[in-house]
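The values are calculated or read from the model by the stated rules, or taken from the named source; none is laboratory data. Predicted model, so just to flag it, every value in this text is computed and none were measured. Neighbour counts are summed over all protein chains in view; Cβ atoms, including those assigned to glycine, are modelled from backbone coordinates with ideal geometry.
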Amino acid sequence: MGLTRNPVYHRMGVREVINGRSFSTKVGGCIMDPQVMQAMQEASRSFVRIEDLEEAASRTIARITGAEAGYVTSGAAAGLTLSMAACMTGLDPEKMNRLPDATGMKNEVIIQRGHRNDYDHALRAAGARVKEIGYNYATFAYELERAIDEKTAAVFYLAGIADGSLPIDRVTDIAAGKGVPVIVDASAELPPRENLRRFIGHGADLVVFSGGKHIRGPQSSGFICGRKELILAAALQHQDMDVFPETWSSRNLIEEGILPGPPHHGIGRGFKVGKEEIVGLMTALTRYAERDLEAELQHWKETIRSLVEGVNRIEGLSGKFQFPKPGGRMVPAAHIQVDRGKYGLDAHGLINALQDGDPIIAVYESFASKGKVIIFPENLRPGDVRIILSRLAEIKA
């Protein structure tokens, strides 16, 4: 149907995907810019100490986000686990050695009910226990104030959730008054670009971003930005710790009394990130600060309007242009309502039919039970809208 096949996937017998799901991990995340790929290839040609590379990355992240320090991780979920671990252990290597056994530690993370989602598992993976406050429709300040106690290691905040939730500045004010750090999951909160600084500006202690979404870095990358001491605690639980105190590259931490000695491998050892991913992400992040995001937005709008116009010419489907997304993110979307009586399939059937073809067409599925299919524009390439419309017309029973 006009799709130029990628020879690598063709040789492997794997169907390619037209990605209308946005930056979804399960369909490959994003397509990296050529400059990012070139930087990763250059990085692959020689060796470097990972801690030195992470320190350089920290300076770049700090400059762009306004945080004290930063750290590259193998994705945002890994960043959440490392952030939680850092809040539980601080710079105590004995505690680091024990996680996920958090017996005797501050091991609770407070989350507003409206901020619960599947990624809570990334926090619990460090050994934390979730302490829920509020209701789906509202959380009051006194609920957070009274929930913080001697077991509280951190307060978690899911960015992009506004209705009924305590705002970020209120959360950080309450937590700071009780000496408790706030972790913000901002993995999917770009654009707008201003969000790179927003949460740190509101007093968050650690903020986690994905590197493989709108930044267009490697899919297996993410980063944490925040307080220097907590970033160090995360690093110590992530890096290769086959070290000896006398020759450790960070032995100054022992000499200065910051640590009694190096920890052993920490909870994040399995989340290792390579030199190529670190360099690729820093290249993408530096480029992100300079990209013409307004031009990108206009292109997205044109793509979605074209898709909606075509959908409305297919009997049984009705398309609607939505902008911005619920929650305020500046991304347009095509909302496609499926009339089973006229189209011959319900939304679930349509989604399955789109997945059965070659290429696979991946769409956002969360509202299929309400008869709706959603398509986002960020990863649609030239010619994809034509293929999608042709397939929608073919599928009609």
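Assess whether Ala393 counts as being among the small types (Gly, Ala, Ser) and touching an Asp or Glu at 6+ places or on another chain (Cβ under 9 Å). For Ala393, the condition - among the small types (Gly, Ala, Ser) and touching an Asp or Glu at 6+ places or on another chain (Cβ under 9 Å) - is not met.
Residue by residue, here is whether (1) closer than 21 Å to Phe23 by Cα; (2) outside the structural domain of Thr283 (by TED's automatic domain parsing); (3) hydroxyl-bearing (Ser, Thr, Tyr); (4) surrounded by fewer than 24 Cβ atoms within 10 Å (Cβ to Cβ) holds:
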site: Lys178; (1), (2), (3), (4): no, no, no, yes
site: His202; (1), (2), (3), (4): no, no, no, yes
site: Gly211; (1), (2), (3), (4): yes, no, no, no
site: Ile215; (1), (2), (3), (4): yes, no, no, no
site: Ser220; (1), (2), (3), (4): yes, no, yes, yes
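Looking only at region 72-86, decide whether some residue is of a type in the set (Val, Ile, Thr) and in a strand (DSSP E or B). Among the residues of region 72-86, at least one is of a type in the set (Val, Ile, Thr) and in a strand (DSSP E or B), which makes the answer yes. Any residue in region 30-47 that's within 17 Å of Gly211 (Cβ to Cβ): show its pairings with residues that are surrounded by 12 or more Cβ atoms within 10 Å (Cβ to Cβ) and among the small types (Gly, Ala, Ser) at Cβ separation under 6 Å, as long as the two are six or more apart or on different chains. Hits for this filter: Cys30/Gly212; Val36/Gly280; Val36/Ala284; Ala39/Gly280; Met40/Gly280.
Among the residues of region 1-36, those identified as aliphatic (A, V, I, L, M) and crowded, with 16+ Cβ neighbours inside 10 Å are Val17, Ile18, Val27, Met32, Val36. State yes or no: is Glu296 under 26 Å from the mean Cα position of the chain (by Cα) and either of a type in the set (Val, Ile, Thr) or at pLDDT below 95 (or both)? Spelling it out, it is not the case that Glu296 is under 26 Å from the mean Cα position of the chain (by Cα) and either of a type in the set (Val, Ile, Thr) or at pLDDT below 95 (or both). One residue stands out among those in region 103-155 that are assigned to a helix (DSSP H, G or I) and in contact with a strand residue (DSSP E or B) (Cβ under 7 Å, 6 or more places away or on another chain): the one that is farthest from Gly203 (Cα to Cα), which is Arg124.
Residue-wise test of (1) closer than 23 Å to Gly270 by Cβ; (2) out of contact with any helix residue (DSSP H, G or I) (no Cβ under 6 Å at 6 or more places or on another chain); (3) surrounded by 22 or more Cβ atoms within 10 Å (Cβ to Cβ); (4) of a type in the set (D, E, K, R).
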{"position": "Tyr71", "(1), (2), (3), (4)": "yes, no, yes, no"}
{"position": "Leu80", "(1), (2), (3), (4)": "yes, no, yes, no"}
{"position": "Ile111", "(1), (2), (3), (4)": "no, yes, yes, no"}
{"position": "Gly114", "(1), (2), (3), (4)": "no, yes, no, no"}
{"position": "Arg124", "(1), (2), (3), (4)": "yes, yes, no, yes"}
{"position": "Ala138", "(1), (2), (3), (4)": "no, yes, no, no"}
{"position": "Ala154", "(1), (2), (3), (4)": "yes, no, yes, no"}
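Might you let me know whether region 45-53 holds any residue that is in the same structural domain as Asn107 (by TED's automatic domain parsing) and under 21 Å from the mean Cα position of the chain (by Cα)? No, that holds for no residue.
Can you name the number of the only condition in (1) in contact (Cβ under 8 Å) with a residue 60 or more places away in the chain; (2) aromatic (Phe, Trp, Tyr); (3) touching a helix residue (DSSP H, G or I) at 6+ places or on another chain (Cβ under 6 Å) that Phe321 fails? Just one mismatch for Phe321, condition (1). Exactly one residue among Leu236, Leu281, Leu307 is assigned by TED's automatic domain parsing to the domain that holds Met84, in contact (Cβ under 8 Å) with a residue 40 or more places away in the chain and farther than 21 Å from Ser44 by Cα, and that residue is Leu236. Taking the criterion of being in contact with a strand residue (DSSP E or B) (Cβ under 9 Å, 6 or more places away or on another chain) and either in a helix (DSSP H, G or I) or surrounded by fewer than 19 Cβ atoms within 10 Å (Cβ to Cβ) (or both), the residues of region 255-286 that qualify are Phe271, Glu277, Ile278, Leu281, Met282, Leu285. Determine, yes or no, whether Ser318 is at pLDDT 95 or above and not basic (Lys, Arg). Yes. Between Leu144, Leu196, the distinction of being farther than 21 Å from Met88 by Cβ, buried (at least 21 other Cβ atoms within 10 Å of the Cβ) and not hydroxyl-bearing (Ser, Thr, Tyr) belongs to Leu196 only. Candidates are the residues of region 49-63 that are in contact with a helix residue (DSSP H, G or I) (Cβ under 6 Å, 6 or more places away or on another chain) and over 24 Å from Gly261 (Cα atoms); the one that is surrounded by the most Cβ atoms within 10 Å (Cβ to Cβ) is Ala57.
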